[in-house]
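What follows is one structure encoded as structure tokens, with my remarks underneath.
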Amino acid sequence: NAGVTQTPKFQVLKTGQSMTLQCAQDMNHEYMSWYRQDPGMGLRLIHYSVGAGITDQGEVPNGYNVSRSTTEDFPLRLLSAAPSQTSVYFCASSYDVATTHYGYTFGSGTRLTVV
Amino acid sequence: AQTVTQSQPEMSVQEAETVTLSCTYDTSESDYYLFWYKQPPSRQMILVIRQEAYKQQNATENRFSVNFQKAAKSFSLKISDSQLGDAAMYFCAYRTSGTYKYIFGTGTRLKVLA
């Protein structure tokens, strides 16, 4: 089925470890983004991309890196995991035409625990 | 800066009844989008309904409809004929047209009672 695929679904890391959360979409969406969801805080934007080779920072980018080498893939890298990065991470993509936005398609999320 | 406020952390509704979830927002922009997203226990967020600010007509998707009051900056979601499958967290969200950043509310947990 077409959609946004995130892997892994669950991950436990030790403080200081690095890892990459994978996100892929097969809908040819130009716009992709990463959010983190923490209790009582809604979703906060980490990084986003408006096309291959173009990325920008969101609201909470520190400690995370992204790249966009293809339209389909938008991986999120944790450089040196910290307990404050314990969260649920969502990848989302959208089909935007000019300035018209039709809403996000979300992945199923990754629950990350840093111990 | 834009803000989105959902003042009801939790709501309950009897199956087959109607419930309204509240959302208010603050912005100085005139062209923007508003959304309701549903997050069931499976965790994956799903778009429920979308409203463009320049359209005065309220959006409707089957049993879901909104009451969009632009002057009051209010965007409530009405769910008619509630079903057990409607039980979820519901997030209100805002996006200024031509930008790429969403503002999400903190969510309302909806319980549907059989």
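The values are calculated or read from the model by the stated rules, or taken from the named source; none is laboratory data. Keep in mind it's a predicted model, so treat the numbers as computed, not measured. Cβ sites come from the backbone with ideal geometry, for glycine too, and all protein chains shown count toward neighbours. Ligands, DNA and RNA are excluded from the accessible area calculation, which covers all protein heavy atoms including side chains. Shrake-Rupley method; radii C 1.70, N 1.55, O 1.52, S 1.80 Å.
Applying 1/(1 + (r/R0)^6) with R0 = 35 Å to the Cβ-Cβ distance of A:ASN62 and A:VAL115 gives a FRET efficiency near 0.95.
Short-range pairs are left out: with C-alpha atoms under 8 Å and at least six residues apart, the relative contact order of chain A is 35 percent.
Take peptide B:98-107, look around each residue's Cβ out to 10 angstrom, count Cβ atoms belonging to other protein chains, and average those counts. Provide the component values of the computation, followed by the final result.
Working: counts 5, 2, 11, 6, 13, 5, 7, 2, 5, 6.
Average neighbour count from other chains, rounded to a whole number: 6.
Using the Cβ-Cβ distance between B:LYS78 and B:ALA114 with R0 set to 25 Å, the FRET efficiency from 1/(1 + (r/R0)^6) comes to roughly 0.75. Between B:GLN69 and A:SER69, the simple label model (points 7 Å from Cα in the Cβ direction) yields a spacing of 5.3 nm.
GNM remark for chain B: springs join alpha carbons under 10 Å apart, and the peak mean-square fluctuation among B:ALA87, B:ALA59, B:ALA71 falls on B:ALA71. Neighbouring Cβ atoms from other chains, within 10 Å of the Cβ of residues in B:87-97, number 2 on average.
B:PHE68 sits with roughly 20 Å² accessible to a 1.4 Å probe, with DNA, RNA and ligands left out of the calculation. Phi-derived couplings, Karplus 6.51 cos²θ - 1.76 cosθ + 1.60 at θ = phi - 60°, listed residue by residue for segment A:100-115: 8, 10, 9, x, 8, 10, 9, x, 7, x, 10, 8, 10, 10, 10, 10 Hz, with x used for Gly and Pro. One Cα centroid belongs to segment B:42-114, the other to segment A:12-85; the line between them spans 25 Å. Ordered from largest to smallest accessible area (heavy atoms of protein chains, 1.4 Å probe), the residues B:TYR94, A:TYR102, B:TYR100, A:TYR48 come out as A:TYR102, B:TYR100, A:TYR48, B:TYR94. Averaged over peptide B:33-43, the number of partner chain Cβ atoms lying within 10 Å of each residue's Cβ comes to 3.
Return a whole-number percent for the relative contact order of segment B:56-114, with Cα pairs under 8 Å and 6 or more residues apart as the contact set.
Numbers: 73 pairs, mean separation 14.7, N = 59.
Worked out over segment B:56-114, it gives 25 percent.
Solvent-accessible area of B:ILE46, all protein chains in place: 80 Å² (probe radius 1.4 Å, heavy atoms, ligands and nucleic acids excluded).
Convex hull volume of the Cα atoms of chain A, normalised per residue: 99 Å³. Here each label is just a point 7 Å from Cα along the line to Cβ, and for B:SER97 and A:THR7 those points are 4.1 nm apart.
Full extension of the chain segment joining A:ASP38 with A:SER80 gains 13.2 nm, where the gain is 0.36 nm per residue of separation less the Cα-Cα distance.
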